[in-house]
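Trainee: Take this structure, written in structure tokens, and hold onto it; I'll ask about it next.
The values are calculated or read from the model by the stated rules, or taken from the named source; none is laboratory data. No experiment lies behind these values; they were computed from the predicted model shown. Don't worry about glycine lacking a Cβ; one is built from the backbone with ideal geometry, like all the others, and counts go over all protein chains shown. Side chains included, ligands, DNA and RNA excluded: accessible areas come from the protein's heavy atoms. Shrake-Rupley method; radii C 1.70, N 1.55, O 1.52, S 1.80 Å.
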Amino acid sequence: MSSFQLNLNPLKEPLGFIKVLEWIASIFAFATCGGFKGKTEIQVACQTSKPDNKTITATFGYPFRLNEASFQTPQGVNVCDVDWKSHVLIGDYSSAAQFYVTFAVFVFLYCIAALLLYVGYTNLYRDSRKLPMIDFVVTLVATFLWLVSTSAWAKALTDIKTATGHNIVQELLPCNQQGVICHFGSVTSMGSLNVSVIFGFLNMILWGGNAWFVYKETSLHSPSNTSTSHSQGGIPPPTGI
């Protein structure tokens, strides 16, 4: 195995430059999704002589097991004689969220390894038949998995918005009891989650586009052997007059 020799020239070529973009995009993908924390609020009032709205809050975040996010009342306040802690949001979207984030982290690590190979072992990479082929196969698989994971996460995000939005007033059992009046308050903006979906599809485009440049490094994209066959006894080309 050849020794490590730093060569930054591959970073100036599409093969290395796009890999840097993939590395950066993967960071944004898992950071915008995995770091999310939010809450949804409803206003509750009891049918008394002096109705007073109280805020009931359910906090949720990654990995979005909403069925574990219970409602909390202001400390020391009894709201309509209901045990709000026993009531939770609806849905478990952890599988799609964790698949998306875990895959993005693996991509992040693979990009580091690939860049280290490109700039530190350039000759080893280009003289080998196996390494470019492995890189090409991984690129194709990663493109497909970005499509699958991002699509699943986009669908889950749509359901999360529904489960934490206005519909919770109809789904929450105490709000359907006589003497309890509920109004939807607010929910934390999910702009960062929307960004995570955008970066997921951006990663898919980057990896799909990079497949061509990785393919050019493989033995599948070899130059024509016509000149070689001529030099090995083939019919010589006609000479000029």
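Trainee: Tell me, what is the FRET efficiency for residue 48 and residue 83 to the nearest 0.05, using R0 = 25 angstrom and their Cβ-Cβ distance as r?
Mentor: 0.85
Trainee: Over the Cα atoms of the chain, compute the convex hull volume and normalise it per residue, giving Å³.
Mentor: Numbers: hull volume 42.8 nm³, N = 241.
For the chain, the hull spanned by Cα atoms encloses 178 Å³ per residue.
Trainee: With N denoting the number of residues in region 120-165, provide Rg(C-alpha) divided by 2.2 N^0.38 Å, to two decimal places.
Mentor: This ratio for region 120-165 stands at 1.96.
Trainee: Ignoring any ligand, DNA or RNA, what whole percent of the accessible area of the chain comes from carbon and sulfur when the probe is 1.4 angstrom?
Mentor: Exposed carbon and sulfur together represent 62 percent of the surface.
Trainee: If Rh is defined by the Kirkwood formula over all Cα pairs and Rg also comes from Cα, what ratio Rg/Rh do you get for region 62-133?
Mentor: 1.46
Trainee: Cβ under 14 Å from residue 138's Cβ, residue 138 left aside: what net charge do those residues give with Lys, Arg +1 and Asp, Glu -1?
Mentor: Neighbourhood net charge equals -1.
Trainee: Here's something else I'd like to know. I'd like to know which of 186, 205, 75 lies farthest towards the positive end of the charge dipole of the chain, counting +1 on Cβ of Lys and Arg and -1 on Cβ of Asp and Glu.
Mentor: 205
Trainee: Greater than 26 Å separation of Cα atoms is the criterion. Which listed pairs, 54/85; 12/216; 39/85; 19/161; 130/155; 54/161, meet it?
Mentor: Pairs exceeding the cut-off: 19/161; 130/155.
Trainee: Measure off 7 Å from each Cα along the Cα-to-Cβ vector at residue 129 and residue 112, then give the distance between these two points in nanometres to one decimal.
Mentor: 3.3
Trainee: Can you find, among 57, 86, 196, the residue farthest towards the positive end of the dipole of the chain? Put +1 on the C-beta of Lys and Arg, -1 on that of Asp and Glu.
Mentor: Positive-most Cα among the choices belongs to 196.
Trainee: Another question, if that's okay. Between residue 194 and residue 148, what's the calculated FRET efficiency when r is the beta-carbon distance and R0 is 22 Å? Round to 0.05.
Mentor: On the way: r = 19 Å, r/R0 = 0.87.
Efficiency at R0 = 22 Å is approximately 0.70.
Trainee: Quick check for me: using +1 on Lys/Arg Cβ and -1 on Asp/Glu Cβ, what's the dipole size of the chain about its Cα centre, in debye to the nearest 20?
Mentor: Working: 14 positive and 13 negative charges, 78 e Å.
Using Cβ point charges on Lys, Arg, Asp and Glu, the chain gives about 380 debye.
Trainee: Cα convex hull of region 1-130: how many Å³ per residue?
Mentor: Per residue, the Cα convex hull of region 1-130 comes to 157 Å³.
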